[in-house]
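Some notes on the structure that comes next.
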Amino acid sequence: MTDTYDVVIVGYGPVGQYLALKLGQAGHTVACVEKWPEAYGLPRAVHFDHEIARLFKTVGLDSRTNPIIEAYDATYRWVNAEKETILDLDWSGIGPSGWHSANFFSQPQLEDELNSYVAQMDTVTVARGWEVQELAEDDEGVTVTARSMRPEDVGAMATKTLRARYVVGCDGANSFVRRWLRAEMHDLGFAFDWLIVDMVPNEPMTFDPPAWQWCNPAAPTTIVPGGPGRRRWEFMRLPDETIEQLNTVETAWKRMEPWGLTPENSVLERHAVYTFRGMWAQPEQWRKGRVLIAGDAAHLTPPFAGQGMCAGIRDAQNVSWKLDSVLSGRSTDELLDTYGPERSNNMQYWINFAVGLGEVICVLDPEAAAARDAAMKAAIEDPSLAPPPPPPPTLTAGVIGSDASAGHLSHQYVVRNGGTSDFFDQVEGYGWVVISTAGSPADVLTPENLAWAKENDVVMASIGAPSTDQGDGADLVDVDGNYAAWFASLGVDTMIVRPDFYIYDAGALGGLDAALTGLRRQLHATQLATV
């Protein structure tokens, strides 16, 4: 007997869970097929940024109040062998998305939290202990065949068949779905083995700052939080060490000795050796017909910027709103062709950034390290010697308009509606959003575009200055004046924001109607193909 769904997600880590939640919220039926019978109970990813915190809130996870999340409010420091600062990354304060710039967590707790949300959804089914072994695509959908990995089925050769309109592989670095797609991998040639040691000290440990990289050529080391009550150390494998020698309990405890951690005062939660790599599947191959990939199945990011899981969540948000539009009949299947190309520049930015950081710390030659230290200390003393910062990670293709700000991540600030003051998202909701500081967006739209906006639940909001207290007829009050300042810095008064919080287009209120007409064309709306 074949069970039928709108989407089958292969893999049930954070990326698969988030994608399931977004599609389930939209009313689509989803089956998550996970190879392992039980959730993996040991740490892996430990960090997400302000953008991901904003996305997590859309599925119910509030990083401000949830006890499994530890907000970070300090620099992320890189020091040389003598522990002199050679680089400071500012991870303090609130990011443009309105959430803390950096947040730490333990992945098993995060997965448990997301799974608790999934368990409340009638639209999502989770099948643990089933390994997908075959995909068969036709014009109407994909047939998924999986074999049981459950202990009770050992030797029984039990199989399960599912049917879906689309399949998304969120099945990690060794992805079956990526192999099925025959997606070619681009490898940056960055590959270093590191021992990961996750500790739970019996007493709180104080580090200043809490996250730092010890760029010591004799023993490159990472020291970062691992979520509330946890700490993580990472040790690069040296030339005279084998992976087998490195990956033992004895080695892990020996590496902890200089830090004062022993079996008497702490718990060794996990030790594992990983090969840090920078690589990605060619973005135009992230989708073939009705089968797509996301997360580590599509790309691998070294951990030095804490962006590996973040990239996967961005994938899931991007593909979720597009699948929703296609499954709901609002867009044609062509919209999914924009998924990989849209994610390409942003994804490559973060991988290249993480590889660049890795090239700072993965230096074992003392002379090369000394030259690195001298150059980086000189740049601290004279910033003009530092290389110019790269442009921000943006969308450079796909569903974006023509303004210079199109494709950039949008900001979020506090607004007030009557007696309610909160982030814009919490006051107005999610989806396609039009914001104007120059008047009512609805007043400048043709009947056709206004009807389209209503049919697609587009949020349209006018924002007034704090002093007006909505006396100028605005829907919302710009509590701190931040929206006015941000729009002024961009030279615009009206903005269209996509469901993934990236800017579709911006400009003057008078140009909004034409911009929405262009958006409708790009969304391939079947009923509006001739617009």
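Computed from the coordinates by the stated procedures, all read-outs in this text should not be read as laboratory data. Here the structure is a predicted model, which means the values were calculated and not measured. Positions of Cβ are backbone-derived with ideal geometry, glycine not excepted, and every protein chain shown enters the neighbour counts.
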Signed unit charges on C-beta, dipole axis of the chain, positive-most listed residue Leu61, Ser489, Val33: Val33
Fraction of beta bridges assigned by DSSP in the stretch 32-163 that are antiparallel (%, nearest 5): 90 percent
Viscosity 0.890 mPa s, 25 °C: Kirkwood-radius Stokes-Einstein D of the stretch 1-131 over Cα pairs, µm²/s: 149 µm²/s
Whether the chain is rounded, prolate or oblate, judged on the alpha carbon gyration tensor where a/c under 1.5 counts as rounded: oblate
Antiparallel content of DSSP bridges confined to the stretch 350-462, in %, to 5: 50 percent
Computed Rg/Rh of the stretch 14-53, alpha carbon atoms with Kirkwood Rh: 1.03
Contour minus Cα-Cα distance for Asp112 and Ser440 (0.36 nm per residue): 113.8 nm
Net charge dipole size for the stretch 1-84 [Lys, Arg +1 and Asp, Glu -1 on Cβ; Debye, nearest 20]: 80 debye
Magnitude of the charge dipole, the chain, Cβ model with Lys/Arg +1 and Asp/Glu -1, debye to 20: 860 debye
Peptide ranges 138-145, 201-208 listed from the most packed, as the mean C-beta count within 10 angstrom indicates: 138-145, 201-208
Cα gyration tensor shape for the stretch 392-473, rounded if a/c is under 1.5, else prolate or oblate: oblate
Share antiparallel - DSSP beta bridges, the chain, percent rounded to 5: 70 percent
Histogram of C-alpha separations across the stretch 81-222, 5 Å bin width, %: 2, 6, 9, 11, 14, 14, 13, 11, 9, 7, 4, 1, 0
Within the chain, helix-based [θ] at 222 nm, where runs of 4 or more DSSP H residues each add -39,500 (n - 2.57), nearest 500: -8000 deg cm²/dmol
Global form of the stretch 284-325, assessed from the alpha-carbon gyration tensor, a/c cut-off 1.5: oblate
Set of aspartates and glutamates near Lys377 by C-alpha distance (under 14 Å), chain-local residues within fewer than 8 positions excluded: Glu82, Glu84, Asp88
